[in-house]
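S.K.: Input: one structure, supplied below.
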Amino acid sequence: MTTRRLVLTRSAAVVGAASAGLLLPGIVRAQSNRVRVGFMLPYTGTYAQLGVNIENGVRMAINEKGGKLGGREIEWFKVDDESEPSKGVENAQRLVQRDKVDVLIGTVHSGVQMGIQRVARESGVLSLIPNAGAHAATRGLCAPNVFRTSFTNSQPTLALGKPMVDKGLKKAVWITWKYAAGDEAFEGFKQSYTKAGGTIVKELGLPFPNVEFQALLTEIASLNPDAVACFFAGGGAAKFIRDYAAAGLKDKIPLWGSGFLTEGVLDAAGAAADGIMTTMHYADSLDTPRNNQFRKAFATTFKLQPDVYAVQGYDTGLLLAQGMEAVKGDIGNKQALYKALENQTIDSPRGKWTMSKAHNPIQDIYLRRVENKDNKVIGIAAKALADSGAGCKMAGA
Ligand code: PHB
């Protein structure tokens, strides 16, 4: 080895020693004291905007609390899950094993959530679900370290059937993407609609995230039901609304849905969305000081209008900040942390909510109507609705 090479090697060793904490223990300790928070969200594809609004919401809530968690600085990590279920486990492992996150915040798509759930149950990492409504996550596969701040897929649609029948709409066609979110939304719709006296004349579906609606819209026109009810979300929902109107159905067959249909898409859908009726745990026009203040701050900070996804992200940030405050940043004190997370009341823009025993929000579901690019509140369709948590074997659930 030449002298020069030796010098370089030695200096590399010095740098290595420094970064390993041998020479600068103070700096390294400060870094390792940070809480490692990982986002696993869709940043591409039909749910991309949902991922962005969730992340913005989380950051806004934590910034409002001083930008720290229980007094500790935060180190952020990010993975684009592409709403691709086949990569769910691998993407979650990247955050847990490679990045060694203390908290995994994700995701939007129910199929991808099942991958996160497996990794969360195996590793014990704290998992906060800011959207995906997969029943199993807070039912049969519930876990002490998994908390949902959003909904179960059947929660909004359990409030959908009765107002439809009350309006005299007694024969409906159901249409959705065929995967867990659509199928479980259908469960809630079927239960509430048939109980109220309605009849489902046909169930229609197409694979996620397909948006070739034409043949199905032609079939709806020939079935000529009293109403159509559906689950769609994100970019695909905007296209469904536009195609429904373009097919001439808008003024003939009223369109109803799980409220995601009209979240974050009203600019893109324009007048085609007017009159759509939905049920959801949030509404833009909730006229409370809390919601008004939130909407103003979000729009000012991100130059984007908040929607239900932003609210769910915001509530995830609040829950995490409040839980970490309760344990003074000691995220390793799992028993105390989980107890604190279970016992929080979240002062959300949607209205105050608490956790069910299976770790899912107990919340009001609003009936809404689209008017001039706004989800206007018509009333409360279900008060303090809790998911059944069926099959959750966790102690206390
Ligand atoms: C889901 O896959 O669970 C899902 C996705 C988007 C939504 C709601 C639920 O808006």
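We did not get these values from a lab; they are worked out from the coordinates using the rules stated. All values reported here derive from a predicted model rather than from experimental measurement. Every residue, glycine as well, gets a Cβ built from its backbone with ideal geometry; the counts of neighbours run over all protein chains shown.
S.K.: So what's segment 69-118 giving for Rg/Rh, alpha carbon basis, Kirkwood Rh from the mean inverse pair distance? Numbers along the way, then the final one.
M.R.: Values: Rg = 11.5 Å, Rh = 11.4 Å.
In segment 69-118, Rg relative to Rh is 1.01.
S.K.: Here's a follow-up. Which shape class applies to segment 214-352: rounded if a/c is under 1.5, otherwise prolate when a/b exceeds b/c and oblate if not, where a ≥ b ≥ c are the square roots of the Cα gyration tensor eigenvalues?
M.R.: Prolate is the answer for segment 214-352, as a/c is 1.5 or above and a/b outweighs b/c.
S.K.: Using θ = phi - 60° and the Karplus relation 6.51 cos²θ - 1.76 cosθ + 1.60, list the HN-Hα couplings for segment 267-273 in order, rounded to whole Hz, with x at every Gly or Pro.
M.R.: 5, 5, 7, x, 5, 4, 8
S.K.: Using the basic label-point model (7 angstrom from Cα toward the beta carbon), what is the Asp251 to Glu342 distance in nanometres?
M.R.: 5.6 nm
S.K.: Would segment 123-233 count as rounded, prolate or oblate if I go by the C-alpha gyration tensor, calling it rounded below 1.5 in a/c and otherwise prolate when a/b exceeds b/c, oblate otherwise?
M.R.: It is oblate, given that a/c is not under 1.5 and a/b is not larger than b/c.
S.K.: Once phi is turned into ³J(HN,Hα) by the Karplus curve 6.51 cos²θ - 1.76 cosθ + 1.60 with θ = phi - 60°, what whole-Hz value does each residue of segment 96-105 show in order, with x for glycine and proline?
M.R.: 7, 8, 6, 8, 6, 5, 7, 9, 10, 9
S.K.: With r defined as the distance between the Cβ atoms of Val201 and Gln335 and R0 fixed at 51 Å, what FRET efficiency is calculated, to the nearest 0.05?
M.R.: Using R0 = 51 Å, I get an efficiency of 0.50.
S.K.: Going by average Cβ neighbours within 10 Å, how do the peptides 324-337, 299-312, 132-145, 252-265 rank, with the highest at the top? Could the numbers behind the result be given before it?
M.R.: On the way: 324-337: 15.8, 299-312: 20.1, 132-145: 22.3, 252-265: 24.9.
Answer by packing, highest mean first, reads 252-265, 132-145, 299-312, 324-337.
S.K.: What angle do you read, to the nearest 10 degrees and between 0 and 90, between the alpha-carbon axis of helix 110-123 and the longest principal axis of the chain?
M.R.: Once rounded, the angle reads 30 degrees.
S.K.: Assuming 0.36 nm per residue, please report the length gained on full extension of the stretch Gln214 to Lys87 beyond their Cα-Cα distance.
M.R.: Working: separation 127, 0.36 × 127 = 45.72 nm, distance 3.03 nm.
This chain segment gains 42.7 nm when fully extended.
S.K.: In addition: May I ask you to sort Tyr193, Tyr314, Tyr179 by Cβ crowding, counting other Cβ atoms within 10 Å and putting the fewest first?
M.R.: Result, fewest neighbours first: Tyr179, Tyr193, Tyr314.
S.K.: Under a crude label model (7 Å from the Cα following the beta-carbon direction), how far is Thr354 from Asn63 in nanometres?
M.R.: Distance between the two pseudo-spin positions: 3.2 nm.
S.K.: Tyr282's amide H: which non-local residues (gap 5+, or another chain) put their own amide H closer than 5 Å, with H modeled 1.01 Å from N in plane and none for Pro or chain starts?
M.R.: Those lying under 5 Å, H to H, from Tyr282 are Tyr366.
S.K.: Report the normalised scattering of segment 152-302 as log10 I(q)/I(0) at q = 0.14 Å⁻¹, calculated by the Debye formula with identical scatterers on the alpha carbons.
M.R.: Relative scattering, expressed as log10 I(q)/I(0), comes to -0.66.
S.K.: For the chain, what's the radius of gyration and Dmax over Cα atoms, in angstrom?
M.R.: Every Cα atom of the chain included, Rg and Dmax give 23.0, 90 Å.
S.K.: Would you mind checking which residues have amide H under 5 Å from Lys78's amide H? H placed 1.01 Å from N; only 5 or more apart, or other chain.
M.R.: Phe39
S.K.: Which of the lysines could be linked to Lys357 by a straight reach, that is with a Cα gap under 24 Å, when you skip same-chain ones fewer than 8 residues away?
M.R.: Leaving aside lysines fewer than 8 places away in the same chain, those within reach of Lys357 are Lys328, Lys334, Lys339, Lys383, Lys393.
S.K.: Which three lengths, in whole Å and largest first, does segment 298-397 cover when its Cα atoms are put on their principal axes?
M.R.: 49, 36, 17
S.K.: A further question on this structure: Taking amide H atoms as placed 1.01 Å from N in the peptide plane, list the residues 5 or more away in sequence, or in a different chain, whose amide H sits under 5 Å from that of Ile380.
M.R.: Leu367
S.K.: With θ taken as phi - 60° and the coefficients 6.51, -1.76 and 1.60, list the Karplus ³J(HN,Hα) couplings across segment 41-57 in order, rounded to whole Hz; mark glycine and proline as x.
M.R.: Once θ is set to phi - 60°, the couplings for segment 41-57 become 9, x, 10, 9, x, 5, 9, 4, 5, 5, x, 4, 5, 5, 4, 4, x Hz.
S.K.: Full extension from Lys78 to Lys383: what is 0.36 nm times the residue separation minus their Cα-Cα distance, to one decimal in nm? Could you put the intermediate results ahead of the total?
M.R.: Working: separation 305, 0.36 × 305 = 109.80 nm, distance 3.58 nm.
The Lys78-Lys383 span can extend by a further 106.2 nm.
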